[in-house]
1. Just give me the residues in region 15-63 being of a type in the set (Gly, Ala, Ser) and under 15 Å from the mean Cα position of the chain (by Cα), in sequence order.
2. Could you identify the single residue in ILE18, ILE36, ILE26 that is more than 30 Å from GLY88 (Cβ to Cβ) and in contact with a Phe, Trp or Tyr (Cβ under 9 Å, 6 or more places away or on another chain)?
3. Within the set of pairs 6 or more residues apart or between chains, which connect a residue that is farther than 27 Å from ASP8 by Cα inside region 48-62 to a residue that is in a helix (DSSP H, G or I) and modelled with pLDDT of 85 or more with Cβ atoms less than 9 Å apart?
4. Take the residues in region 87-110 that are of a type in the set (Val, Ile, Thr) and modelled with pLDDT under 75, then tell me which one is surrounded by the fewest Cβ atoms within 10 Å (Cβ to Cβ).
5. Is it fair to say GLN42 is part of a helix (DSSP H, G or I), of a type in the set (S, T, N, Q) and exposed (fewer than 12 other Cβ atoms within 10 Å of the Cβ)?
6. All but one of (1) loosely packed, with under 14 Cβ neighbours inside 10 Å; (2) assigned to a helix (DSSP H, G or I); (3) within 21 Å of the chain's Cα centre (by Cα); (4) not hydrophobic (A, V, I, L, M, F, W, C) hold for THR67; which doesn't?
7. Would you check if THR59 is in a helix (DSSP H, G or I), within 30 Å of MET84 (Cα to Cα) and either out of contact with any Ser or Thr (no Cβ under 6 Å at 6 or more places or on another chain) or of a type outside the set (D, E, K, R) (or both)?
8. Would you confirm, using the coordinates I've provided, whether ARG11 is charged (D, E, K, R), on the phi < 0 side of the Ramachandran plot, in contact (Cβ under 8 Å) with a residue 12 or more places away in the chain and not assigned by TED's automatic domain parsing to the domain that holds LEU82?
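The values are calculated or read from the model by the stated rules, or taken from the named source; none is laboratory data. Note that this is a predicted model, so its numbers are computed, not measured. Because the Cβ atoms are built from the backbone with ideal geometry, glycine has one as well, and the counts that use them run over all protein chains shown.
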Amino acid sequence: MHGLRHVDAAREALDGWISWAKRCRIREFVKLQRTIVKHQDQTLAAIEHRLSNGLIESTNTKIGLMTQMAFGFKSADALIALAMLSLGAHRPVLPGRPLTETPKTTTKQS
């Protein structure tokens, strides 16, 4: 039920803005309003189900920055390794360094 309150609030806010934008004399706002109305159901569904492509966009940006850094590399393998080390869960054992385990959560026993 908590998510539905957010959807109702979003629908109310969006309807208010759409109403304003329909009467607006700025051509770009009127055009934006039409686009928002066309995708309103999908927008509200994303709010209801808490969906976002933010994580994917962030990852793509980071890979793009790594690609810029990799222009001096001799092969694509180095870029792939950099991406796996930075973004993936790949944690190889490094020479001269002890293997560290991921801390496990402890639970209190009654």
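1. Kept after step one, since they are of a type in the set (Gly, Ala, Ser), are these residues of region 15-63: 16, 19, 21, 45-46, 52, 54, 58.
Answer for region 15-63, where residues must be of a type in the set (Gly, Ala, Ser) and under 15 Å from the mean Cα position of the chain (by Cα): ALA46, SER52, GLY54, SER58.
2. Going through ILE18, ILE36, ILE26 in turn, the sole match is ILE36.
3. Here the result reads THR59/LEU87; LYS62/ALA83; LYS62/SER86; LYS62/LEU87, each pair linking region 48-62 to a residue that is in a helix (DSSP H, G or I) and modelled with pLDDT of 85 or more.
4. Within region 87-110, the subset of a type in the set (Val, Ile, Thr) is 93, 100, 102, 105-107.
Still in the list and also modelled with pLDDT under 75: 100, 102, 105-107.
On the way: THR100: 8, THR102: 6, THR105: 4, THR106: 6, THR107: 6.
Filtering first and then ranking leaves THR105.
5. On the way: part of a helix (DSSP H, G or I): yes; of a type in the set (S, T, N, Q): yes; exposed (fewer than 12 other Cβ atoms within 10 Å of the Cβ): yes.
Considered against the rule, which asks whether it is part of a helix (DSSP H, G or I), of a type in the set (S, T, N, Q) and exposed (fewer than 12 other Cβ atoms within 10 Å of the Cβ), GLN42 comes out as yes.
6. Evaluating THR67 over (1) loosely packed, with under 14 Cβ neighbours inside 10 Å; (2) assigned to a helix (DSSP H, G or I); (3) within 21 Å of the chain's Cα centre (by Cα); (4) not hydrophobic (A, V, I, L, M, F, W, C) leaves (1) as the failure.
7. Numbers: in a helix (DSSP H, G or I): yes; within 30 Å of MET84 (Cα to Cα): yes; either out of contact with any Ser or Thr (no Cβ under 6 Å at 6 or more places or on another chain) or of a type outside the set (D, E, K, R) (or both): yes.
Taking the combined requirement at face value, the residue satisfies it.
8. Taking the combined requirement at face value, the residue satisfies it.
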